[in-house]
1. Is one or more of the residues making up the stretch 63-70 at pLDDT 95 or above, over 27 Å from residue 142 (Cα atoms), in contact with a strand residue (DSSP E or B) (Cβ under 8 Å, 6 or more places away or on another chain) and assigned to a loop (DSSP other than H, G, I, E, B)?
2. Scanning for something modelled with pLDDT of 90 or more, touching a strand residue (DSSP E or B) at 6+ places or on another chain (Cβ under 8 Å) and surrounded by 12 or more Cβ atoms within 10 Å (Cβ to Cβ), does the stretch 31-39 turn up at least one residue?
3. Which condition from (1) touching a helix residue (DSSP H, G or I) at 6+ places or on another chain (Cβ under 8 Å); (2) part of a strand (DSSP E or B); (3) closer than 18 Å to residue 26 by Cα is the one that residue 161 breaks?
4. Can you confirm whether residue 77 is surrounded by 16 or more Cβ atoms within 10 Å (Cβ to Cβ) and outside any helix (DSSP H, G or I)?
5. Considering only residues of the stretch 1-25 that are modelled with pLDDT under 75 and not in a helix (DSSP H, G or I), which is surrounded by the most Cβ atoms within 10 Å (Cβ to Cβ)?
6. Can you tell me how many residues in the stretch 98-126 are surrounded by 14 or more Cβ atoms within 10 Å (Cβ to Cβ), free of Cβ contacts under 8 Å to residues at least 40 places away in the same chain and assigned to a helix (DSSP H, G or I)?
7. State the number of residues belonging to the stretch 26-60 that are outside any helix (DSSP H, G or I) and within 15 Å of residue 170 (Cβ to Cβ).
8. Looking only at the stretch 127-152, which residues are at pLDDT 95 or above and in a loop (DSSP other than H, G, I, E, B)?
């Protein structure tokens, strides 16, 4: 019962945030108590390339990145044993493209549900790619890079909740 109440609380929190604020603002301290109360297990992961940490559910395990993956900009790739859920993290040089310019290009890529967000003080843009069944959150950095966290599948029952919690966890280390 506690897990159901925690999930409902988080859903209500996300709905209220979306309805009341532009851009949507989420903070880890608002989400973490609901996960703990619901018994949801997970850990923060960090990256050598950028001082950011992200909470991931325990069933998402890191996979080995190939040289090709790293050349493409991947700094992290996590999936369940059944390969039915994936989170990828990319850090790509975009020659100083601003977040607003990046967001303006997203409709040309087929993105929908594009929203400016503030996650733990970091300004970003979230969007869905229906064609790939993914939801992503992207941030620009002072170094002229895009940090992009992509989660799949976006259409499964409960995906908004899980991926919303992952997104709300992204923060400076």
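1. Yes, the stretch 63-70 contains a residue that is at pLDDT 95 or above, over 27 Å from residue 142 (Cα atoms), in contact with a strand residue (DSSP E or B) (Cβ under 8 Å, 6 or more places away or on another chain) and assigned to a loop (DSSP other than H, G, I, E, B).
2. First, the residues of the stretch 31-39 that are modelled with pLDDT of 90 or more: none.
No, the stretch 31-39 contains no residue that is modelled with pLDDT of 90 or more, touching a strand residue (DSSP E or B) at 6+ places or on another chain (Cβ under 8 Å) and surrounded by 12 or more Cβ atoms within 10 Å (Cβ to Cβ).
3. Going through (1) touching a helix residue (DSSP H, G or I) at 6+ places or on another chain (Cβ under 8 Å); (2) part of a strand (DSSP E or B); (3) closer than 18 Å to residue 26 by Cα one by one, residue 161 breaks only (2).
4. Working: surrounded by 16 or more Cβ atoms within 10 Å (Cβ to Cβ): yes; outside any helix (DSSP H, G or I): yes.
When the stated conditions are applied, residue 77 passes them.
5. Step one: list which residues in the stretch 1-25 are modelled with pLDDT under 75, which gives 1-22.
Imposing the further condition that a residue be not in a helix (DSSP H, G or I) reduces the set to 1, 21-22.
Values: 1: 5, 21: 12, 22: 9.
Taking the candidates together, the pick is 21.
6. 2
7. Filtering the stretch 26-60 down to residues outside any helix (DSSP H, G or I) leaves 26-27, 38-60.
Okay, now just the ones that are also within 15 Å of residue 170 (Cβ to Cβ), so 26-27, 42-47, 49-57, 60.
Residues flagged as outside any helix (DSSP H, G or I) and within 15 Å of residue 170 (Cβ to Cβ) within the stretch 26-60 amount to 18.
8. 133, the sole residue that qualifies.
The values are calculated or read from the model by the stated rules, or taken from the named source; none is laboratory data. Please read these numbers as outputs of a predicted model, since none were measured by experiment. Heads up, the Cβs are rebuilt from the backbone with ideal geometry, glycines too, and the neighbour counts pull from every protein chain shown.
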